[in-house]
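What follows is one structure encoded as structure tokens, with my remarks underneath.
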Amino acid sequence: MRVNQPAGKYYSTDYLKKLCDLWDSRGSGVTNMHGSTGDIILLGTTTKQLEEVFWTLTHDMGQDLGGSGSNLRTPSDCLGQSRCEYACYDTNALVYFLTNEYQDELHR
């Protein structure tokens, strides 16, 4: 399963704990942080667990699912203005806009 990374890949410890607890209870507990797609990869679960994980991620944790469809991959960005004094524009805002604008093109 792919889970969309937050803008700039900033995580709170509370979020990471919830994600790990979810995956320990519904999956294998094995993760790949920022695999080749840039998303968080949750490895190993059963088909009947998928909807439970999707519901928890999207409704309880407010998390968007990742994607790697042929139309558009999940956008990713650098830290931008949040950490780089030489950034010329707000990369976090751009990725947020692109994700919302092209939501239908992302494979879910």
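Every number in this text was worked out from the coordinates using simple rules, so none of it is lab data. Everything quoted here is computed from the prediction, not taken from an experiment.
Observations, loosely collected:
- Multiplying the residue separation of LEU43 and LYS18 by 0.36 nm and removing their Cα-Cα distance gives an extension gain of 7.4 nm.
- Amide H within-cut-off set for LEU65, under 5 Å, with H built and near neighbours excluded: ASN4
- Listed by chain and number, the lysines whose C-alpha is less than 25 Å from the C-alpha of LYS9, apart from same-chain residues fewer than 8 away, are LYS17, LYS18.
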